Amino acid sequence: MATQQVDAPQDAETPEAVVVRFAGDSGDGMQLTGGQFTLSTALAGNDLATFPDFPAEIRAPQGTLFGVSAFQINFGSRQIDTAGDAPDVLVAMNPAALKTNIAAVKPGGLVIADTGEFTKRNLEKAKYTSNPIEDGSLAKWDVLAFDISAQTVEAVKPFGLGNKDALRCKNMWTLGLALWMFGRPRKPIHDWLRAKFKGKAELAEANIAALDAGHAYGETAELSGPLHQCHLDPVPAAPGLYRTITGAEAVALGLIAGARLLRLPLFFGGYPITPASAILHHLARLKEFSVTTFQAEDEIAAICAAIGASYAGSLGVTSSSGPGIALKGEAMGLAIMTELPLVIVNSQRGGPSTGLPTKTEQSDLYQAVYGRNGDAPMPVIAARSPADVFECAIEACRIAVQYMTPVMLLTDGYIANAAEPWLVPDPEAFERMPVEFLTEKNAGDQLLPYKRDERGARPWIKPGTPGLMHRIGGIEKAVDTGHLDYSPGNHQAMTDARRDKIAGIRVRDQQVEVGNRSGKLAVVGWGSTYGPIHQAVLRARRKGMDVSHIHVRHVWPLPANLGDLLHGFDKVLVPEMNTGQFKTVLRDQFLVDAQPLTKVSGQPFQIAELEAAIATYFDEVPGNAGGEEIEPNLQQLPNPEAGHDDGTTPRDLRMMHERDN
Amino acid sequence: MNDMTPITTVKDWETDQEVRWCPGCGDYAILKAVQRTLPQLGSDPANTVFVSGIGCSSRFPYYIESYGFHTIHGRAPAFATGIKLANPDLDIWLVTGDGDGLSIGGNHLMHVLRRNVNMQIMLFNNEIYGLTKGQYSPTSREGTKSPSTPLGSIDHPARPCAFALGAGARFVARGFDVSKNLPDVLKAAHAHRGAAFVEIFQNCVVYNKDVFDDFAQPKGAEDRQLWLEDGAPMLFAGGTRGITLNHETLRLEVVEVTDGDWQTAKVIVHDVTNRAIAHMLVEMPFGPFPMALGVLYDDPVPTFDDMAIADREHAVAGKEPNLARLLASGQTWTVSGTVDESAGHPARGMVSK
């Protein structure tokens, strides 16, 4: 996160942060509404984090509980690390959206509901026996219920749209209301709508009219109802140029930046899979940056083509998610054996097997570190947030080429889809690391394709280079010459060489994110758990607990100082969205008594859950700390009803929405 | 291509590695044929890449003095595609076998042919798994007894050339290991711009000995081999027999040719661009018919690598690769001034692009 860390008090009069959840039918365009609201929030200078949640079905049946699409945004005048625990505001576009989301809303929070959709049939589909707006069951909350559908139809009447098309503008009406609530300018959205509906002026103007009508409604309704405007100051942030970025975009940009720093063309081999496809989509449009994208016939061909491209002198990259990564395993072994550079991006999702394609999990860590046949060491880097992915991708490119090895970059479904503000980096500020290919024999009149440099890396020799013809392959290589060699001593030597090369990769020393370099408790995280851990540790420290946050980027090899650092703490707690994989690695590598805190409900950790777990180390009850499992939280996104699979990304939904409009 | 001046000799294409195929293996003959062909093509070892999968045939790259990549089982077409896209100037020869190319790698073989990536694909068909010690393969004939099929195999065999044509191949040819015509077939494959598929029958002397003798043995070969030549009538048995198309049944038939008058006998003139006839030739059963050999089909279309280059040039036209601008794309805003942590919020300006 680009913003500064601010330890602000929690109980201030004016809110420092607000959580808004937009929920509606998957056809209602909630992801689009959320996306544009995110942009306006970023432009207002608030820090933010989002959680897009969408049904796995491309076209879920209308009005059903599992067809609910939701978008949560947490924004504020202080640093925001998570999409927020409980919403302050819920916008429910139909009964199903209300049903699946209402329990999560803070008591006293605001619920905005479109009564136009609360028909008998829709109530039945949402399994309501009576209308919740009328039966008093929403007494805990401030409810603003009115006919958004009718208001929208009225607003777009001058444009002569059919009823169906008119109702499609509902999301813009709602967005207009939300913009008013938080004092946001409408112009950027107007501009965006005009660009989006270029050539279809009447649609652009209809959507703009709906947006303006929603905004105007706010001004009018303020006088009589629970609705009021709320202003959040911009967050103190490092000076510079900002934009919002999702993890998938950041991977694409980071790979391009990495390849350019190395002065290499980029070859990306991919196969469609949720939630990794977005990287292929982004790169396919950036061919002017010496990018070749290849949609292969399967996951195996995608990585094999990438290895082929690396062999021929490009930077080969492939990406997938758990099941696809499993298919690529044998080819990773070949890249390790032939010592060719390769970047493998794994956007992790819930597993095993098809698992939870659209939900997030961190359960591919064993697969990344250990999941190949033979002794097949491979560096693994884990990104903590959408903005962090950019640097991680550059780092992955660097290691792959400097050490002639495949590198795995771990992100997850949450990072891939979520957006956050990003301080746009200056590409000139990164160290250039131009590659040198071998162009002449490297041992007198002899070519030694497996002669190692001071890093343990072999030379990169492009086919097409005169006089350096040689053969490589998956059979064990003789030291230096690379000839086939099955002899016992040689295999020992080469296994050691491959191990030492990876173990010797220079990675930055581990820093402490929050707290001290020793003390009572260290909370050790990796990947996208960064946000909730960071906030939970900050809160616990405010309450006087001696707890520190350590967040590991280099999962393999681990930073050289990490062992000593962990031994400086009495206790080590490792929260992960799996059943305790990194905990096992830490125990194995450093003989520390790392304790797991696990959650595998397909939902990210909530700050409160981590805070409670940390507190057990400091309360007076003996023997209750550590080894916990966090129960699924039915009030948290993703929508627990939307359990069906094989999904699509918010970007896909946006594209579908655009196509439909 | 035949008029190209050789810049190499056969010797230049031999490596210092000891060849490890079984004595008498058909692979030796194919290796020799390839090493003899390459100088005639004017090929440059530095610009030539042999890519293979796994199996006896896939050891081939180790014995050719060029660049070589011995990859993993069945996936050679995918590696070769990546190599070609990364450097379209490289001349790629892909070596695979009946198990590697049609069993574990059938999917990749289909797609490299369908995409028409410019390379020569040699599928050594010995109708058996040799390296794993003799199990039946996807091209083994029904009833093949092997360690995994002690009572004889029950699978219907795959027909490599029919598979290739069905996958969309634009060049399909056939030869066999010890045939003196093999270099000519390989030269034709090399001359074809696109994925050129060559099935090479190869004798596995250990596990499937002489299984192709019924047509490949020199004695009586004339009666059993139909060597196809573009523009020439489909004649065999010393010109005394030929292939004709029965216009009523729309099936091929063998006809007797008297005194060389093949026109009267209505023998088909081979047209390598006739896809319908090619489909019939690859399905023509040996026994009632001779074995069709040589170039069965050759009708080039634009290649995947050429199209990819054109596609990229089109996409890139008029665009400048400005990374700083790319990073700052979309809607941006500027935070200005220095941050004073104790004093709260900085002065802030907003910029919308």
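The values are calculated or read from the model by the stated rules, or taken from the named source; none is laboratory data. Since the structure is predicted, the reported quantities are computational estimates derived from the model, not experimental observations. Here the Cβ positions follow ideal geometry from the backbone for every residue, glycine too, while neighbour counts run over all protein chains shown. Accessible surface areas use protein heavy atoms only, side chains included; no ligands, DNA or RNA. Shrake-Rupley method; radii C 1.70, N 1.55, O 1.52, S 1.80 Å.
Which one of these does A:Ile273 not meet: (1) crowded, with 19+ Cβ neighbours inside 10 Å; (2) within 12 Å of chain B (Cβ to nearest Cβ)?
Single failed check for A:Ile273: (2).
For A:Ala252, work out the one condition from (1) in contact (Cβ under 8 Å) with a residue 40 or more places away in the chain; (2) open to solvent by less than 10 Å² (accessible area, probe 1.4 Å) it doesn't fulfil.
With respect to (1) in contact (Cβ under 8 Å) with a residue 40 or more places away in the chain; (2) open to solvent by less than 10 Å² (accessible area, probe 1.4 Å), A:Ala252 is out only on (1).
Return yes when A:Tyr242 is on the phi < 0 side of the Ramachandran plot, in contact (Cβ under 8 Å) with a residue 40 or more places away in the chain and open to solvent by 20 Å² or more (accessible area, probe 1.4 Å) and no when it is not. Quick ask: steps written out before the conclusion?
Numbers: on the phi < 0 side of the Ramachandran plot: yes; in contact (Cβ under 8 Å) with a residue 40 or more places away in the chain: yes; open to solvent by 20 Å² or more (accessible area, probe 1.4 Å): no.
In short, no.
Report the residue count in the stretch A:449-493 for those that are assigned to a loop (DSSP other than H, G, I, E, B), of a type outside the set (D, E, K, R) and either within 14 Å of chain B (Cβ to nearest Cβ) or open to solvent by 20 Å² or more (accessible area, probe 1.4 Å) (or both). Lay out the reasoning, then the answer.
Step one: list which residues in the stretch A:449-493 are assigned to a loop (DSSP other than H, G, I, E, B), which gives A:449, A:451-470, A:474-476, A:478-479, A:481-483, A:485-487.
When the remaining residues are screened for being of a type outside the set (D, E, K, R), the result is A:449, A:456-457, A:459-461, A:463-470, A:474-475, A:478-479, A:481-483, A:486-487.
Within this subset, residues satisfying the condition of being either within 14 Å of chain B (Cβ to nearest Cβ) or open to solvent by 20 Å² or more (accessible area, probe 1.4 Å) (or both) are A:449, A:459-461, A:463-470, A:474-475, A:478-479, A:481-483, A:486-487.
Count: 21.
Please state which of the following conditions B:Arg114 fails to meet, knowing it meets all the rest: (1) in a loop (DSSP other than H, G, I, E, B); (2) open to solvent by 10 Å² or more (accessible area, probe 1.4 Å).
For B:Arg114, the exception is condition (1).
Quick grid of which residues meet (1) of a type in the set (A, V, I, L, M, F, W, C); (2) buried (at least 23 other Cβ atoms within 10 Å of the Cβ):
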position: A:Gly527; (1), (2): no, yes
position: A:Leu562; (1), (2): yes, no
position: A:Arg587; (1), (2): no, no
position: A:Lys599; (1), (2): no, yes
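So, of the residues in the stretch B:117-145 that are hydroxyl-bearing (Ser, Thr, Tyr) and either open to solvent by less than 10 Å² (accessible area, probe 1.4 Å) or closer than 29 Å to B:Pro300 by Cα (or both), which turns out to be farthest from the other protein chains (Cβ to nearest Cβ)? Outline the logic, then answer.
To start, the set of residues in the stretch B:117-145 that are hydroxyl-bearing (Ser, Thr, Tyr) comprises B:129, B:132, B:136-137, B:139-140, B:144.
Add one more test, that the residue is either open to solvent by less than 10 Å² (accessible area, probe 1.4 Å) or closer than 29 Å to B:Pro300 by Cα (or both), and what stays is B:137, B:139-140.
Working: B:Ser137: 21, B:Thr139: 22, B:Ser140: 25 Å.
Among residues in the stretch B:117-145 that are hydroxyl-bearing (Ser, Thr, Tyr) and either open to solvent by less than 10 Å² (accessible area, probe 1.4 Å) or closer than 29 Å to B:Pro300 by Cα (or both), the one farthest from the other protein chains (Cβ to nearest Cβ) is B:Ser140.
Any idea which of (1) out of contact with any Asp or Glu (no Cβ under 7 Å at 6 or more places or on another chain); (2) over 27 Å from A:Ala493 (Cβ atoms) is the one A:Pro421 doesn't satisfy?
(1)
Looking only at the stretch B:54-75, filter to residues that are more than 8 Å from chain A (Cβ to nearest Cβ) and in a helix (DSSP H, G or I); which one of those is nearest to B:Gln17 (Cα to Cα)?
B:Tyr63
Residues checked against (1) touching a helix residue (DSSP H, G or I) at 6+ places or on another chain (Cβ under 6 Å); (2) part of a helix (DSSP H, G or I); (3) within 23 Å of B:Leu165 (Cα to Cα); (4) touching a residue at least 12 places away in the same chain (Cβ under 8 Å):
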{"residue": "B:Asp214", "(1), (2), (3), (4)": "no, yes, no, yes"}
{"residue": "B:Gly231", "(1), (2), (3), (4)": "no, no, yes, yes"}
{"residue": "B:Ile243", "(1), (2), (3), (4)": "no, no, yes, yes"}
{"residue": "B:Glu248", "(1), (2), (3), (4)": "no, no, no, no"}
{"residue": "B:Val301", "(1), (2), (3), (4)": "no, no, yes, yes"}
{"residue": "B:Met307", "(1), (2), (3), (4)": "no, yes, yes, no"}
{"residue": "B:Ala315", "(1), (2), (3), (4)": "yes, yes, no, no"}
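Could you list all residues from the stretch A:125-173 that are open to solvent by 70 Å² or more (accessible area, probe 1.4 Å) and touching a strand residue (DSSP E or B) at 6+ places or on another chain (Cβ under 6 Å)?
A:Asp142, the sole residue that qualifies.
Tell me which residues, restricted to the stretch B:76-92, are at the interface with chain A (Cβ under 7 Å from one of its Cβ atoms) and under 24 Å from B:Ile104 (Cβ atoms).
Result: B:Ala78, B:Phe79, B:Ala80, B:Thr81, B:Gly82, B:Ile83, B:Leu85.
Among what's in the stretch B:216-229 and is open to solvent by 80 Å² or more (accessible area, probe 1.4 Å) and touching a residue at least 60 places away in the same chain (Cβ under 8 Å), pick the residue that is nearest to B:Phe289 (Cα to Cα). Steps first, please.
Our first condition is that a residue be open to solvent by 80 Å² or more (accessible area, probe 1.4 Å); within the stretch B:216-229, this holds for B:218-219, B:222-224, B:229.
Those still in the list that are touching a residue at least 60 places away in the same chain (Cβ under 8 Å) too: B:223-224, B:229.
Values: B:Asp223: 10, B:Arg224: 8, B:Glu229: 17 Å.
Among those that are open to solvent by 80 Å² or more (accessible area, probe 1.4 Å) and touching a residue at least 60 places away in the same chain (Cβ under 8 Å), it is B:Arg224.
Only one of these conditions is not met by A:Gln446: (1) closer than 30 Å to B:Asp91 by Cα; (2) under 22 Å from the mean Cα position of the chain (by Cα); (3) open to solvent by 40 Å² or more (accessible area, probe 1.4 Å). Which number is it?
(2)
Out of A:Leu39, A:Leu48, I need the residue that is modelled with pLDDT under 90 and outside any loop (DSSP other than H, G, I, E, B). Which one?
Numbers: A:Leu48 fails: modelled with pLDDT under 90.
Every option except A:Leu39 fails the conditions.
Starting from the stretch B:21-35, keep only residues that are surrounded by 17 or more Cβ atoms within 10 Å (Cβ to Cβ), then list their pairs with residues that are part of a helix (DSSP H, G or I) whose Cβ atoms are within a distance under 6 Å, requiring at least 6 positions of separation or different chains.
Correct list of pairs: B:Trp21/B:Asp27; B:Leu31/B:Tyr63; B:Ala33/B:Leu182; B:Ala33/B:Pro183; B:Gln35/B:Val10; B:Gln35/B:Trp13.
Could you please find all residues in the stretch A:287-323 being more than 7 Å from chain B (Cβ to nearest Cβ), out of contact with any Lys or Arg (no Cβ under 9 Å at 6 or more places or on another chain) and surrounded by fewer than 24 Cβ atoms within 10 Å (Cβ to Cβ)?
A:Gln295 - this is the single residue of the stretch A:287-323 that is more than 7 Å from chain B (Cβ to nearest Cβ), out of contact with any Lys or Arg (no Cβ under 9 Å at 6 or more places or on another chain) and surrounded by fewer than 24 Cβ atoms within 10 Å (Cβ to Cβ).
With (1) in contact with a helix residue (DSSP H, G or I) (Cβ under 9 Å, 6 or more places away or on another chain); (2) open to solvent by 60 Å² or more (accessible area, probe 1.4 Å) as the list, and B:Gln263 as the residue in question, which single condition is left unmet?
(1)
Does A:Gly24 qualify as being crowded, with 23+ Cβ neighbours inside 10 Å, within 14 Å of another protein chain (Cβ to nearest Cβ) and either modelled with pLDDT of 85 or more or under 19 Å from A:Pro421 (Cβ atoms) (or both)? So that I can check it myself, show each step before the final result.
Values: crowded, with 23+ Cβ neighbours inside 10 Å: yes; within 14 Å of another protein chain (Cβ to nearest Cβ): no; either modelled with pLDDT of 85 or more or under 19 Å from A:Pro421 (Cβ atoms) (or both): yes.
No: the conditions fail for A:Gly24.
Can you give me the number of residues within the stretch A:352-377 that are touching a residue at least 60 places away in the same chain (Cβ under 8 Å), part of a loop (DSSP other than H, G, I, E, B) and within 17 Å of A:Asp588 (Cα to Cα)?
Selection size over the stretch A:352-377: 2.
Would you say B:Gly82 is out of contact with any Pro (no Cβ under 7 Å at 6 or more places or on another chain), open to solvent by 10 Å² or more (accessible area, probe 1.4 Å) and of a type in the set (Gly, Ala, Ser)?
On the way: out of contact with any Pro (no Cβ under 7 Å at 6 or more places or on another chain): yes; open to solvent by 10 Å² or more (accessible area, probe 1.4 Å): no; of a type in the set (Gly, Ala, Ser): yes.
When the stated conditions are applied, B:Gly82 does not pass them.
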